[in-house]
Amino acid sequence: MIISSQAPTRVDLAGGTLDIWPLYLFHENSQTINVAIECYARCRLTARKDGAIHLISRDLKREERFPSLDALVSARKFRLPLLARLVKAFAAPREHGAAAANRTEKQVLRSAQDDLRRGAGAAKEWTGGFTLETASDSPAGAGLGGSSALTIAICGALAQFSGRRLSKEKLVEIAGDVEAQVLGVPTGVQDYYAAAYGGAQAIHLNPGGIVSEQLAVNHAELAARGVLCYTGESRNSGINNWEVMKAHIDGNRGVIRHFSRIAAIAAALRSALEKNDWRETSRLLIQEWETRKKNSRGITTPGIERLIATARRAGARAAKVCGAGGGGCVFFLVEPEAKGAVENALRQAGARVLPFAVAARGLGVRTSGE
């Protein structure tokens, strides 16, 4: 049996960083606006008969093997912690309180396997081992949510293999929890929603629950007006976001004021996109980027500013860095007739222009060879 899955990355348009709990609770009408793009993270799971677990990252050129699932669950360190921790998450049931505290990981694993054999909500039994291979179209440190898209793709494949009928909301929950374990810092939720659902979304960040809304945006028109380039500078979103989040929690009045402004811009951008008002969308993107830069000096770089200036001279209407900033990708909004000129100017300036198209669908999983 072979299970193949893929999930799209995203370009965030407004309201980023607000999607990290609990920041959105401090601002009215908090929402994050993003669009899934046809730049995918991929996972391939191939069943084995020998019980071994073989994890392979094509991007990192790294792999590790475990003789059994028990061996993986018992391990203390991993060469591929994201992949290994996701396997552990799908091998163990959800337990709480004293019952969970008094059981070893091996006992929890055996209980999960017993549940599967009894058919407790499972389509098939988790038997044997597997080889899990991952790869991504996104450059390293691109700010496109590549690691989160990869996490969703892996979750989709493991859910299929373990026979768990999980909603996309539950996959988002598992993905966020496990990635936070690996990174050691809080993670935002927007990347998982883009990967799971695709399309253009407003992710409403409400007390008591997050709601994803698909926006009625003309995907072809947005693709005709969008230019995406990779600066060549990798960035660390965990560091940038944590610095800004800490400043907010510590009561930095400037940062708090800027996030209130960002929340208001995101709400206005949602409306502009649904009206296909590209002039207003450009104006709001400029405002979002200028406001965001005030939160930390590390959000932009001289190289990023040079690329933005170059693109504007070639006809770009607006620009903003993807993700937490400090490097990675820059998104530009242009008039369709200026798109070629802007892309050529960016290439001449040393940037790598990436294809930009909206991914209408999110996570996809297919099984073959059963």
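The values are calculated or read from the model by the stated rules, or taken from the named source; none is laboratory data. Just so you know, these numbers come straight off a predicted model, no measurement behind them. Positions of Cβ are backbone-derived with ideal geometry, glycine not excepted, and every protein chain shown enters the neighbour counts.
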Margin query: From the list E280, E288, exactly one residue is under 23 Å from the mean Cα position of the chain (by Cα) and assigned by TED's automatic domain parsing to the domain that holds R317. Which is it?
Written below: E288
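Helices (runs of 4 or more DSSP H) wholly in segment 86-169 with at least 1 residues that are modelled with pLDDT of 95 or more and within 30 Å of G16 (Cβ to Cβ) - which ones? Write out each step before concluding.
On the way: elements: 97-101, 105-117, 146-162.
The helices (runs of 4 or more DSSP H) meeting that bar are 146-162.
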Note to self: For P302, only one of the following conditions fails: (1) out of contact with any Gly (no Cβ under 7 Å at 6 or more places or on another chain); (2) at pLDDT below 95; (3) closer than 24 Å to R257 by Cβ. What is its number?
What the structure shows: (3)
Checklist line | Candidate set: segment 250-278, residues that are of a type in the set (D, E, K, R) and in contact (Cβ under 8 Å) with a residue 24 or more places away in the chain; chosen: the one surrounded by the most Cβ atoms within 10 Å (Cβ to Cβ) | finding: R270
Check: When segment 44-69 is examined, which residues are found to be within 22 Å of the chain's Cα centre (by Cα) and not in a strand (DSSP E or B)?
Finding: R58, D59, L60, K61
Checklist line | From Q214, Q201, residue being of a type outside the set (A, V, I, L, M, F, W, C), on the phi < 0 side of the Ramachandran plot and within 14 Å of the chain's Cα centre (by Cα) | finding: Q201
Next item on the list: Please state which one of E337, E343 is under 19 Å from L222 (Cα atoms) and without any contact (Cβ under 8 Å) to a residue 24 or more places away in the chain.
Entry: E337
Notebook entry, point to check: Out of (1) under 23 Å from A140 (Cα atoms); (2) part of a helix (DSSP H, G or I); (3) modelled with pLDDT of 95 or more, the odd one out for W242 is which?
Noted result: (3)
Notebook entry, point to check: Restricting segment 157-185 to residues that are of a type in the set (S, T, N, Q) and under 20 Å from T131 (Cα atoms), which is surrounded by the most Cβ atoms within 10 Å (Cβ to Cβ)?
Noted result: Q160
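This table checks each residue for (1) touching a helix residue (DSSP H, G or I) at 6+ places or on another chain (Cβ under 6 Å); (2) in contact (Cβ under 8 Å) with a residue 40 or more places away in the chain.
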{"position": "A135", "(1), (2)": "no, yes"}
{"position": "P139", "(1), (2)": "no, yes"}
{"position": "L150", "(1), (2)": "no, yes"}
{"position": "I154", "(1), (2)": "yes, yes"}
{"position": "A157", "(1), (2)": "no, yes"}
{"position": "A180", "(1), (2)": "no, no"}
{"position": "L183", "(1), (2)": "yes, yes"}
{"position": "L222", "(1), (2)": "no, yes"}
{"position": "V244", "(1), (2)": "no, yes"}
Margin query: Looking only at segment 1-43, filter to residues that are surrounded by fewer than 21 Cβ atoms within 10 Å (Cβ to Cβ) and among the charged types (D, E, K, R); which one of those is farthest from the chain's Cα centre (by Cα)?
Written below: E28
Notebook entry, point to check: List the pairs whose first member sits in segment 21-48 and is within 24 Å of D137 (Cα to Cα), whose second member is assigned to a strand (DSSP E or B) and among the basic types (K, R), and whose Cβ atoms are under 8 Å apart, counting only residues at least 6 apart or on separate chains?
Noted result: N34/R10; V35/R10; A36/R10; I37/R10
